[in-house]
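Below you'll find the structure, written out as structure tokens, and then a few comments.
Nothing in this text is a laboratory measurement; each read-out follows from the coordinates by a stated rule. Predicted, not measured: the structure shown is a model, and the values here were computed from it. Neighbour counts run over all protein chains shown; Cβ positions are idealised from the backbone, glycine included.
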Amino acid sequence: MIYIRPENWYQSDMVEKSTPPMKYSLQHRYIATVLALVLGAVLALGGVFFITLRSATRSITHLSIDTIREVMFDQFRHRGTVMVNLLADNLATPLSLNDLTAIHHLGVSALEQKDVQYFYVFTPQGEILDDGQADAPTPGKRLTDQVSEQAMATNTPLVQIRAEVMDVSMPIFVGDTHLGGVRIGFSLKTVNREMEERISAFHELGQKKHDEALTMLTLLSTCFIAIGIILAYFLAKTMSNPVLELAHYAQRIGQGDFGFRFSLNRKDELGLLSRTMNEMALQINEKNKALLDAHTLLEKRVQDRTRELLLAKDKAEAANRAKSNFLANMSHEIRTPMNGVIGMTQLALLTSPPPEQREYLELIEKSSYRLLHVVNDILDFSKIEADKLELVAERFDLRDTIATTIREFSFKAKEKDLALDWSVADEIPDAFMGDAGRLSQILINLIGNALKFTKAGRISVRVEKEYAELDEIIAHFSITDSGIGISPEYQASIFEAFSQADESHSRPYEGTGLGLAICAKLVALMSGQIWVESTEGQGSVFHFTALLKKATEPPVLNESDTHDRLPTGTPQGQPGPQLAILLVEDNLVNQKVAGKMLERSGHGVTIANNGQEAVDVFARQPFDLVLMDIQMPVMDGFEATQAIRDLEKASGKHTPIIALTAHAISGYREKCLELGLDDYLSKPIKIADLNAKIAEYLPQKPNTPAKTA
């Protein structure tokens, strides 16, 4: 062993002297390891040998026992068969001569034989002629048990073993004449006792051999363990010392002493390890320097990449905000003129125009609602794609919801001379908790498509129970039509956004391609699935499932609670109270539309062109209701509402303020409620919806109508 001492040798000596003593030496660990391996091997081999020996002993024992039993039973069966054959031969002549005395003597002789319990001679009809007893058998006594029936039915010797008795029967023939038969019952107690004695002796012999094998296994294991201890000691002594020296060297390298060199004059793996450690020490300095440079470069790249990711994140968030703002602005800018178009059309229809003009106005109204439907589809799809659409959980009646939805299409179905029917399985309850509006939206899209693509025949809506558990039920909806059908190549893609079965420029049907995509998204939110079955030219069946939660029984309201919850307005179509209403709207067309709607309902209307003007007017005179636009110059609707609420603090009065806005994006209604408004109506506004909302929020007692500014 050669050591090359460097200049800082004194430091190395200090490191060696400062090394704490080891609690367990490597040599002891080698001994313990080798000994554990030897013990493990001995135990494993011993276990295998023991299990094999035990398994073999058991197998041999069971096999021998089965052999003994089989041989003894065969001997006993053979003995019984031979005895019955002899008796049958001897009984043939007495039976043919009807010599009952000779038959009785043979029966008595048979009963005197060892292990014979009973003896019967019987006729072919089962009547007992003799049983070997002292008294003659009673005339007419027959064998009726199952064993006897089998004995009478056989034409050959029959051996039947039941419980502790072996029953041997033999038919008796003289020529071709069947004279009857003989049965002898042999007790199995003697043969069972002999078998137990032989099996017990065999068990004792097997146990003795088993003990001898275990003794030999113990002696061999002891010898192997002793040899293992000696081998472990010498092997550990040979291996531990150089490894311990290498460990000290590695410790010095770990402490930064790269100048020390260690050489071990061995040609085995330990010598190779010492040379490798010397080379490692030479390379560590270079590796450390390269690692430091790489670490510095990596930190710089990480900082640059982090900066790029932050910039990309800011851009993505800005793009998302721009998209949301674009959708909000698009909704507002489209709905504002649509409110004027639809509102003026409704007002014009109320003036009893000539038939030709009424037809034109109705076409304008239908086209306007078709455009509004397209806008709503785009907004709904955008909300679903942004995961901003949430289903509400409200109590609703399933059959009422379907009936209301069907009524919306009854006129159009009648125009096309189509039969439109629906049914709900009796096993499905009425009341559920869920989003009736979104469920109705799915049905509207699917029934509307069926009407659009069906020229003649029938459209049927069916609801059945697919699965029910506790308070939940999976309802299966199907909409069947007799329309043009869908070709197989388009059935897989019709539920994708902006996808249509006919995408040619000459397609005869209108649509954005969003309706079925929205249905698929809504069905997924309801934990269901949607699919189609269709044959081109023969119609289609659209299926979807929805997980519905059964509603509990509604609370019983007393008379006072019912009175408090009733709407305070008047029914649609009846003359209502004349109310003072402040209409805050900056658009002149919308001012005229809403004003005329309110005036036709008998209300007095004061118009304010912006939020500041509304606050000033409200401060001068009281109103029963405020209809507030949101997006206005000078002061918007939210600021004006807050200012009005501040004015009301002194008087303690609360005036209902309803937002009239063209914004229809998700969460806007909640924002209105949070900022002090009482409710929300989106443009375009229907006269019926406006009157219903006023009836819901206004008190019974009217104020004097205000003058229109």
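Across the stretch 577-697, the relative contact order, built from alpha-carbon pairs under 8 Å that are at least six residues apart, equals 22 percent. Between Gln621 and Glu489, the FRET efficiency from the beta-carbon distance, with R0 = 56 Å, is close to 0.25. With a Förster radius of 22 Å applied to the C-beta separation of Asp471 and Glu390, the computed FRET efficiency comes to 0.55. The convex hull of the Cα atoms of the stretch 402-455, projected and averaged over all directions, covers 4.1 nm². Taken along the Cα-to-beta-carbon direction at a fixed 7 Å, the label points for Leu39 and Lys455 span 9.4 nm. Packing here is the average count of other Cβ atoms within 10 Å per residue, and on that basis the peptides 428-441, 299-312, 638-651, highest first, run 428-441, 638-651, 299-312. Cβ crowding within 10 Å ranks Arg620, Arg193 as Arg620, Arg193, fewest other Cβ atoms first. You can think of it this way: the chain between Val108 and Val82 has 7.6 nm of extra reach, that is 0.36 nm per residue less the Cα-Cα gap.
Highest mean packing comes first when the peptides 117-127, 588-598 are listed by Cβ atoms within 10 Å, giving 588-598, 117-127. FRET efficiency for the pair Glu279 and Arg301, taken as 1/(1 + (r/R0)^6) with r the Cβ-Cβ distance and R0 = 30 Å, rounds to 0.45.
Our estimate of slack between Asp74 and Lys592, defined as 0.36 nm per intervening residue step minus the Cα-Cα distance, is 174.9 nm. For the stretch 577-697, a simple Cβ point-charge model (Lys and Arg +1, Asp and Glu -1, everything else neutral) yields a dipole of about 320 debye relative to the Cα centre. From the square roots a ≥ b ≥ c of the eigenvalues of the alpha-carbon gyration tensor of the stretch 577-697, which class results: rounded (a/c under 1.5), prolate (a/b over b/c), or oblate? It is rounded, given that a/c, with a ≥ b ≥ c, falls under 1.5. Kirkwood radius and radius of gyration were both taken over the C-alpha atoms of the stretch 391-554, and their ratio Rg/Rh is 0.97.
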